[in-house]
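To start, the structure under review is shown below, and the notes come after it.
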Amino acid sequence: MEQQLHKPHRKSGKEKKDKKEKKQSSGEQNPKAFAFAKPGKLAKSAARSQDIKERRLHVPLVDRLPEEAPPRLVAIVGPPGVGKTTLLKSLIRRYAKESITDPQGPITVITSKKQRLTFLECPNELEAMVDVAKVADIVLLMIDGNYGFEMETMEFLNVLSATGMPGNVFGILTHLDLFRKPQTLKDAKKRLKRRLWTELYQGAHLFYLSGVMNGRYPDREIHNLSRFLSVMKNPRPLVWRNSHPYSIIDSYRDITHPTKIEENPNCDRSIVLSGYLRGTNFSSQGQRIHIPGLGDYTVANMEALPDPCPTPAMEQALAKITGKTGRRRLDEKEKRLYAPMSDRSGLKIDGDAIWITREKGFNFDKDTEDAERGEGEEMIVGLQAERRLLGQTENGVQLFEGGEQIKEVAEDEDTGRKSQRKARIAERDEDEDDDPEDEGFASGDEDQEFDSEEEFQESKMGKMFRKSNDKDATEGDVAFADSDSDLGSISGAEDEDEDDDDEEQEEDYDSDEEAAAMRWKDNLQSKAMKMYGRKRTYHTGDLARFIYDESLSPADALKRWRDTDEDEEEEDIEADEDDDDFFKKTKQEDEDKTEDRLIPDYDYEDLAAKWADEANVDALRRRFTTAVRGEGDEDGEGFDEDDEFDGIDDGDDEGDGVFEDLEATEDQGAAKPEDAPQQQTADEIAAERDANAKRKAELKQRFEEEDREGFLNDKANARREGGDIQEFGEDEWYDAQKAMIQKQLDINKEEFAELDERQRAAVEGYRAGKYAKIVLEGVPAEFVERFNSRTPIVVGGLSPTEDRFGFVQVRIKRHRWHRRILKTNDPLIFSLGWRRFQSMPIYSLTDSRTRSRMLKYTPEHMHCFGTFYGPLIAPNTGFACFNSFSKDIPGFRIAATGTVLSVDESTEIVKKLKLTGQPTKIFKNTAFIKDMFSTSLEIAKFEGASIKTVSGVRGQIKRALSKPEGQFRATFEDKILYSDLVFLRAWYPVKPHRFYNPVTNLVGWQPMRLTGQVRRDEGVATPQLKNSQYRPVERETRHFNPLRVPRALAAELPYKSQVVQTKKQRKPTYMQKRAVVNKDPDEKKARAFMQELLTIRNEAAAKRRAKKEENRNAFKKKMAENLEKKEAREKRESKEFWSKNGRKRMAAENGGGGGKRRK
């Protein structure tokens, strides 16, 4: 048998096919694998993402919010009886853990380590609502859930939208406990939420407050609201607030001298207004402000005060110095509250009076122990102490807390000062810190906390803080003494007796080490003031201030800067006294005087001799650009750059060039011929041209590369100088602009940080976030008499342009909820900028951009232009208008809203003027017209003007007639009649009234009233003029001759145009021949009356038939329904019957049943 050959298996067709299709990858993506499943959905999502991106982009604004930002202003707005005061009490209780029975004015609380909130309850007055809308950062809109939206809420929302809507407006529903059914409550919440979203924006937050418990809202609901307020971000700043300084006044005092008030109670007052500064910087001198309701004033004096409610941001600095661990949350005892106008803890300060309020009665007995007293009662009890001298106690005199009590003082003959001690002004160092409020310590608490993170420098501290290991008796170091009196003089020179006392104290140091380590922190502020209170010499900032002080001579300025004469004299006084151990100069001051001299050491005599030479002074003067060259030179030569001059060494003149007077002659100091530059050769000129061409090509190529996106071009010089030369497209442009703005802010901050606080205030002004007092003079006495702490007082800064007055052009629209349209020249109250004033606007429209035509009334549902006299405000500023601020007006009080278009000193508004006349003589197409003008001069102004008759015949004024006066000759396109009236359409310029009446509601204000309102208030009858009364007009009937066409002309007319005239009927017609039954008028009246009765009867019968038909149709419908129900019932009963009986029949037929049949 042959051996079988084992052949390899043949591959299947599938494997061959896979091998053919499997090819090596080319490295490119498969387009089918990355295709979109739903292109329509993709397009929608892409469009939505692009819309979101575009909505995020806006014009970048400079964020002027400082690091130490002022408290955010939270305005609580709503109609009366909605629960504003209850909400304010609840929020204050939540944040400050204190109860205020009658909150008034702004109330500031601390919410976190670096954030504060100022709560303000807006009264139910339209003036206050308008002012609060301009300054509020957060608005809590109170809404009565049981009643719904009220008119005050809608008015405030519209004022917000007109003047600038803040980013944080929240609705709060109250009185929800009055709903009995849960479903009704749910429906009311949904309805009010939708309505709020319609007025504000979709998704506006709405909070719910169910009921009142113990005079406050539930803690959980208030906690949710407070957490939302605390973690809120700063919204986009409004343009008006970002360009104007302003402040909310929370403290007020009258500082007028009492003698002036006694002499004249109505004299002008001087007042002090205090509050946190906001917006931009207040000018340090001559700042113009406007107080809404009071008027314009110039700030007499302005001063920054210590912050009455500082944030606890200084914990980190204190932890770094003391070694403690900084707390990460706001402690309960640091939850401070600043409410100067409210009765905090039963104590309220109102000017010179102090009011103490207590519900359970007063207890002023200081011997009573464990008595609950308020802050006011504790103050009264503290004033009941016996009259003693400063530091006097029962056992002697004690100068410092915890110090030794001195009972007797040894009498020496040579004791006491021989001259009066001079005042020493404590000035701070520029290098220590930039913020005057952050001195490295805090006041008012035993646990002192430092705001700055810089550590104390050992060389600048007193002896008790130095870490010197030298125990030499000459230095007299004290290590953690038991009391301040044991320390002796902190910064003074020690005597041998004090050294002995120090050695005795060192023996007891080990036992009291821990107690002393804590005791040295007592009175840390006073110790630091003693260490840093002395005046620093040779300070650069002081030198700049002394030099520009015109009241000081140069010698006095130099003495003050050196601080030599006063300090030497004072040092001699102190050196001669042996008894004054507490106030002696330290040896460290001599070291500081040599170390802090930041000026080089010159030979001043040599310098004085050098600069006494006029030649050197002239040479120095020529170095400045303002110097006049060629004048006053004795040698006749100009200034040479190679002259010897030791004062200033310019080094190289490359880049600046050497000055050469091309017009001067050789005698006047021009360059000599041998000094002139040599002529360039042809090769040099060609090389220079090639270099310039190459440079231009490089610049062009660079420009094309950089300007590929159209943004990074040569106009972005500031960005390239800052090193930001990366390319970016349209998407990154907005971020790049914000980066540029932030970079400029950082540069400004760095530059201003080098100045001391006084110079910075003079240059930059008082920054936002400071707590300052503003002194105003010349305030009316009515402001003091009518002052109400519940009314918010806003101090708004004015720009120089806003102090000027002129005509303001605006785009205005009547509010759709206002009942009446507005009339031209009717007084209207404008809320524009900080001001509220009354003016008389003129409304107009443009005719194809050619003229502004006056309107008597505003359009019904469209914008128009308005012009009025008032302060000049920047364009695009929104405003709101009111007819009156009175509460008695039942309707919607906002009359109109709009924006400012432009400001100008003049206006061009015209109105129609129709002049009518009558023809006196008619000569074919020419006529003489009378009664249109009175003089030939008026006619000369209108020569060539178009005129027209009532019948439509057009004409033109030609020339005035010599006699009679006032008549003129005119030509027309056709002959006119004597009965025609000729009229001339002209335009008459209209000027707005220069009327400006500021709304001074804080001192009493009377608005301008219309004539009809004055007559109605005074009870004066309206005069009836004879010519204004209506009377019947009798016009004669005019008879016109019929049109007569000549026969010759009629014969030549075509057939269509021939005049058809009917001939008279020779025979009587049928209508003439028919018999008339009766022509009696009484019978006609009776027939007409019967016809009317029949008509009424037929109409009543028709109505009756229609009613019967309607009833019949309803009855038929009811019978049909009953029939359907009957058939359904019968069908159901039949089905039930057969379902029961059918089984029995089937069983009987089939013999079923299983039982035996009974016989």
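In segment 743-762, which residue that is under 16 Å from residue 66 (Cα atoms) and of a type in the set (Gly, Ala, Ser) is surrounded by the fewest Cβ atoms within 10 Å (Cβ to Cβ)?
If we take residues in segment 743-762 being under 16 Å from residue 66 (Cα atoms) and of a type in the set (Gly, Ala, Ser), then 753 is surrounded by the fewest Cβ atoms within 10 Å (Cβ to Cβ).
Scanning segment 770-792 for residues that are within 25 Å of residue 77 (Cα to Cα) and open to solvent by 10 Å² or more (accessible area, probe 1.4 Å) gives 786, 787, 788, 789, 790, 791, 792. Counting only residues that are out of contact with any Lys or Arg (no Cβ under 8 Å at 6 or more places or on another chain) and assigned to a helix (DSSP H, G or I), how many does segment 223-260 have? Number satisfying all stated conditions: 10. Can you tell me which residue is surrounded by the most Cβ atoms within 10 Å (Cβ to Cβ) among those in segment 224-240 that are in contact (Cβ under 8 Å) with a residue 40 or more places away in the chain and more than 17 Å from residue 118 (Cα to Cα)? Here the answer is 240.
Can you name every residue in segment 1038-1093 that is in contact with a helix residue (DSSP H, G or I) (Cβ under 7 Å, 6 or more places away or on another chain) and part of a helix (DSSP H, G or I)? Those that are in contact with a helix residue (DSSP H, G or I) (Cβ under 7 Å, 6 or more places away or on another chain) and part of a helix (DSSP H, G or I): none in segment 1038-1093.
Is it the case that residue 1033 is open to solvent by 90 Å² or more (accessible area, probe 1.4 Å), over 30 Å from residue 779 (Cα atoms), without any contact (Cβ under 8 Å) to a residue 12 or more places away in the chain and assigned to a loop (DSSP other than H, G, I, E, B)?
Against the criterion (open to solvent by 90 Å² or more (accessible area, probe 1.4 Å), over 30 Å from residue 779 (Cα atoms), without any contact (Cβ under 8 Å) to a residue 12 or more places away in the chain and assigned to a loop (DSSP other than H, G, I, E, B)), residue 1033 qualifies.
Checked against the criterion of being in contact with a helix residue (DSSP H, G or I) (Cβ under 6 Å, 6 or more places away or on another chain), farther than 30 Å from residue 772 by Cα, open to solvent by 60 Å² or more (accessible area, probe 1.4 Å) and not aliphatic (A, V, I, L, M), segment 213-221 has at least one qualifying residue.
Each row is one residue, and each column tells you yes or no for (1) modelled with pLDDT under 90; (2) under 30 Å from residue 94 (Cα atoms); (3) touching a Pro at 6+ places or on another chain (Cβ under 6 Å).
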position	(1), (2), (3)
229	yes, yes, no
236	yes, yes, no
239	yes, no, no
249	no, yes, no
256	no, no, no
267	no, no, no
274	no, yes, no
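Here segment 882-898 is the region considered, the condition is being in contact with a Lys or Arg (Cβ under 9 Å, 6 or more places away or on another chain) and not in a loop (DSSP other than H, G, I, E, B), and the residue that is most open to solvent (accessible area, probe 1.4 Å) is 897. Take residue 844 and tell me if it is assigned to a strand (DSSP E or B) and small (Gly, Ala, Ser). When the stated conditions are applied, residue 844 passes them. Scanning segment 906-946 for residues that are β-branched (Val, Ile, Thr) and within 55 Å of the chain's Cα centre (by Cα) yields 907, 909, 910, 916. A count restricted to segment 111-137 and to residues that are within 22 Å of residue 245 (Cα to Cα) and assigned to a helix (DSSP H, G or I) stands at 9. Each residue in segment 864-897 was checked for being within 30 Å of the chain's Cα centre (by Cα), farther than 17 Å from residue 830 by Cα and of a type outside the set (Val, Ile, Thr), and 2 pass. Which ones in segment 76-110 are among the hydrophobic types (A, V, I, L, M, F, W, C) and either part of a loop (DSSP other than H, G, I, E, B) or in contact with a Phe, Trp or Tyr (Cβ under 8 Å, 6 or more places away or on another chain) (or both)? Residues satisfying the conditions are 76, 77, 82, 87, 88, 91, 92, 107, 109, 110.
Just a yes or no: is a residue in segment 263-275 in contact (Cβ under 8 Å) with a residue 40 or more places away in the chain and over 27 Å from residue 790 (Cβ atoms)? Step through it out loud before you land on a result.
Within segment 263-275, the subset in contact (Cβ under 8 Å) with a residue 40 or more places away in the chain is 265-275.
Adding the requirement that they be over 27 Å from residue 790 (Cβ atoms) leaves none.
Taking every residue of segment 263-275 in turn, none turns out to be in contact (Cβ under 8 Å) with a residue 40 or more places away in the chain and over 27 Å from residue 790 (Cβ atoms).
Name the residues in segment 285-308 that are crowded, with 18+ Cβ neighbours inside 10 Å, on the phi < 0 side of the Ramachandran plot and outside any strand (DSSP E or B), would you? Correct list: 287, 292, 294, 299. Contact annotation: residue pairs with Cβ atoms under 8 Å, 6 or more positions apart or on different chains, pairing a residue in segment 248-262 that is open to solvent by less than 80 Å² (accessible area, probe 1.4 Å) with a partner that is in a helix (DSSP H, G or I), are 248/135; 254/784. Only a single criterion out of (1) open to solvent by less than 80 Å² (accessible area, probe 1.4 Å); (2) of a type in the set (Lys, Arg); (3) out of contact with any Ser or Thr (no Cβ under 8 Å at 6 or more places or on another chain) is not satisfied by residue 930, namely (3). Scanning segment 39-73 for residues that are surrounded by 14 or more Cβ atoms within 10 Å (Cβ to Cβ) and of a type in the set (Gly, Ala, Ser) yields one hit, 69.
Exactly one residue among 807, 787 is in contact (Cβ under 8 Å) with a residue 12 or more places away in the chain and within 19 Å of residue 909 (Cα to Cα), and that residue is 807.
Is it the case that segment 846-855 has a residue that's of a type in the set (A, V, I, L, M), in contact with a strand residue (DSSP E or B) (Cβ under 9 Å, 6 or more places away or on another chain) and open to solvent by less than 70 Å² (accessible area, probe 1.4 Å)? Yes, segment 846-855 contains at least one residue that is of a type in the set (A, V, I, L, M), in contact with a strand residue (DSSP E or B) (Cβ under 9 Å, 6 or more places away or on another chain) and open to solvent by less than 70 Å² (accessible area, probe 1.4 Å).
The values are calculated or read from the model by the stated rules, or taken from the named source; none is laboratory data. None of these values were measured; they are calculated from a predicted model. Ideal geometry is used to build each Cβ from the backbone, glycine not excepted, and the neighbour counts take in all protein chains shown. To get the accessible areas, we keep the full protein, side chains included, count just its heavy atoms, and leave off ligands, DNA and RNA. Shrake-Rupley method; radii C 1.70, N 1.55, O 1.52, S 1.80 Å.
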